[in-house]
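Below you'll find the structure, written out as structure tokens, and then a few comments.
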Amino acid sequence: MMWLLFIYFATVSIVAGVLTVALRNAVYCALALLTLLLHVAGLFVLLNAEFLFAVQIIVYAGAILILYLFVLMLMNLKTEEQHLHKKYAFLLFAGTGVFGELLILLLQSPYDGAVGTATPDVILQTGPSHAIGITMFSDYLLLFEVIGIFLLGAVIGAIVLAKTPAKADPQDPAHIPMP
Amino acid sequence: MIPLSAYVALSAILFMTGLVGVLIRRNFIVVLMSVEIMLNAANINLVAFSHYLHSMAGQMAALFIIAVAAAEAAVGLAMIIVVFRGKMATNVDQINILKW
């Protein structure tokens, strides 16, 4: 059963990823990306990461993708004749070559290391969300604060960037015209 | 029981899909979407290792990656809107004013 679910999620993820890259219309690309994100969330459930599953659906599929769709709808782009780069065959070849080497290296690796204490039994005693909350607010508290400041900076930067520039007013001496 | 290498192979495939998308697409918005695919591939890898090595560190890193992806999407799309307002283009090969 686990294998069946894994194969389903993995296959649909890969197909949706390829469609995201290959489709001509950008709105269809965004919808293929939505499929990819939802199936990656399913993989998180298989890996006992229920909290990340919820975050993936709420933040990625709910917020980030809506942002992309908003911008796409706002721009109202025409579908282009040529949506790929002119020399895309070379780039595809290079990408496939790098991927082959990466896969060979990965499949030769032994994948062992120091095993931690958070075994599934320990996590299931209190629940995955409790475990991740305890970890987030003890070991990773500083990083959590840093990410808060970072998001604040990103939001302010996005607002400042996307703001409509003010009309230059020659009557106002304090006004500095934007270049 | 699914071996860890299956997850790692899946994440490698998704990562290369995203990388090829960044290289070959001309629309800037789809380039940003390909970056999201790459970040998702990294997330799968981190959560899989977190599960198989019994540690919460991977899940925390995946959470922070999601936060960084949100910030990246906000700032990147704001930049696209600014460029589109000036040039009416979202093709990466038309946005070359910083090229030397």
(message) Against the conditions (1) of a type outside the set (Phe, Trp, Tyr); (2) more than 7 Å from every other protein chain (Cβ to nearest Cβ); (3) in contact with a Phe, Trp or Tyr (Cβ under 6 Å, 6 or more places away or on another chain), where does B:VAL22 fall short? Just the number, please.
(response) (3)
(request) Please list, ordered by first then second residue, the pairs with beta carbon atoms under 6 Å, 6 or more apart or interchain, first in the range B:67-78 and more than 7 Å from chain A (Cβ to nearest Cβ), second among the hydrophobic types (A, V, I, L, M, F, W, C). (result) B:GLY76/B:LEU32
(request) Sort out which residues of the range A:37-51 are assigned to a helix (DSSP H, G or I), at the interface with chain B (Cβ under 10 Å from one of its Cβ atoms) and without any contact (Cβ under 8 Å) to a residue 24 or more places away in the chain, and write them in order of number. (result) A:ALA41, A:PHE44
(message) Could you go through the range A:3-12 and let me know if any residue there is hydrophobic (A, V, I, L, M, F, W, C), under 21 Å from B:VAL20 (Cα atoms) and assigned to a helix (DSSP H, G or I).
(response) yes
(request) Would you be able to say whether some residue in the range B:2-15 is in contact with an Asp or Glu (Cβ under 7 Å, 6 or more places away or on another chain) and not hydroxyl-bearing (Ser, Thr, Tyr)? (result) no
(message) Can you go through A:LEU36, A:LEU65, A:LEU72 and tell me which one is in contact with a Gly (Cβ under 6 Å, 6 or more places away or on another chain) and closer than 22 Å to B:ALA70 by Cβ?
(response) A:LEU36
(message) Is it the case, given these coordinates, that B:GLN94 is part of a loop (DSSP other than H, G, I, E, B) and either within 30 Å of A:SER129 (Cα to Cα) or more than 20 Å from the chain's Cα centre (by Cα) (or both)?
(response) yes
(request) Identify the residue in the range A:124-162 that is out of contact with any helix residue (DSSP H, G or I) (no Cβ under 6 Å at 6 or more places or on another chain) and outside any helix (DSSP H, G or I) and, among all such residues, is farthest from the other protein chains (Cβ to nearest Cβ). (result) A:GLY127
(message) Suppose the filter is more than 28 Å from A:THR96 (Cα to Cα), free of Cβ contacts under 8 Å to residues at least 40 places away in the same chain, within 8 Å of chain A (Cβ to nearest Cβ) and assigned to a helix (DSSP H, G or I); does B:ALA6 pass it?
(response) no
(message) I'd like to know if the range A:117-133 contains one or more residues that are in contact with an Asp or Glu (Cβ under 8 Å, 6 or more places away or on another chain), surrounded by 11 or more Cβ atoms within 10 Å (Cβ to Cβ) and not polar (S, T, N, Q).
(response) yes
(message) Which count do you get for residues in the range A:49-66 that are surrounded by fewer than 18 Cβ atoms within 10 Å (Cβ to Cβ) and farther than 21 Å from B:ALA48 by Cβ?
(response) 4
(request) Read through the list (1) under 14 Å from the mean Cα position of the chain (by Cα); (2) more than 7 Å from chain A (Cβ to nearest Cβ); (3) of a type in the set (A, V, I, L, M); (4) under 22 Å from A:PRO165 (Cα atoms), then give the number of the only condition that B:MET88 fails. (result) (1)
(request) Residue by residue through the range B:19-42, note down the ones that are part of a helix (DSSP H, G or I) and touching a Leu at 6+ places or on another chain (Cβ under 8 Å). (result) B:VAL20, B:LEU23, B:ILE24, B:ILE29, B:LEU32, B:MET33, B:SER34, B:GLU36, B:ILE37, B:MET38, B:ASN40, B:ALA41
(message) Looking only at the range B:31-65, filter to residues that are in contact (Cβ under 8 Å) with a residue 24 or more places away in the chain and at the interface with another protein chain (Cβ under 7 Å from one of its Cβ atoms); which one of those is surrounded by the fewest Cβ atoms within 10 Å (Cβ to Cβ)?
(response) B:GLU36
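Every number in this text was worked out from the coordinates using simple rules, so none of it is lab data. Note that the structure is predicted; figures quoted are calculated from it, not measured. As a convention, Cβ positions derive from the backbone with ideal geometry for all residues, glycine included, and neighbour counts pool all protein chains shown.
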